[in-house]
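Read the structure below first, then the notes.
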Amino acid sequence: MAYDIWLSLKTRELLEKLKRNEPETYQKIREELEKLSIDKDNFKTGVPERIEVFVANNLKIYYRILHRLKSIDVIDIRELL
């Protein structure tokens with residue numbers, strides 16, 4: 001079973017805006033999150049939670065893996081400077 005993907009309210013609103021205005025970027029972000037969700041399902045670790053990031057077009061997506069909850073928590077999305 002893949003990890004759940006949690007979105008903060010701020011992140012959810014931004015993704016909805018991207019879905020309407022930049023569907024290609026939105027799709028890249030969703031695909032990367034789905035890939036992470038499936039990859040992390042098979043990854044067992046005792047390391048503490050840490051914030052990680054990936055880039056989609058001109059955006060940085062910040063997230064953390066919550067292994068105990070089998071979830072990916074998307075914390076923030078910011079534009080690259």
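Overview of values
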item: Label-point gap, in nm, between Glu79 and Arg20 - each point 7 angstrom along Cα→Cβ; result: 1.8
item: Where Arg12, Arg78, Arg50, Arg64 fall by accessible area, highest first, once all protein chains stay in place (1.4 Å); result: Arg50, Arg78, Arg12, Arg64
item: Tilt relative to the chain, helix 23-41 - C-alpha long axis, 0 to 90 degrees, to 10; result: 0
item: Kirkwood-type radius of the chain, with distances r between different C-alpha atoms, in Å; result: 13.0
item: Sequence of Leu80, Leu36 from largest to smallest accessible area, 1.4 Å probe; result: Leu80, Leu36
item: Angle in degrees between helix 9-21 and the longest Cα principal axis of the chain, rounded to the nearest 10; result: 50
item: Heavy-atom accessible area order for Val74, Val53, largest first, 1.4 Å probe; result: Val53, Val74
item: Debye, to nearest 20: dipole size of the chain, +1 on Lys, Arg Cβ, -1 on Asp, Glu Cβ; result: 160
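The values are calculated or read from the model by the stated rules, or taken from the named source; none is laboratory data. Just so you know, these numbers come straight off a predicted model, no measurement behind them. A quick note on method: Cβ atoms are made from the backbone with ideal geometry, for glycine too, and the neighbour counts reach across all protein chains shown. Heads up: the accessible areas ignore ligands, DNA and RNA and are worked out on the full protein's heavy atoms, side chains in. Shrake-Rupley method; radii C 1.70, N 1.55, O 1.52, S 1.80 Å.
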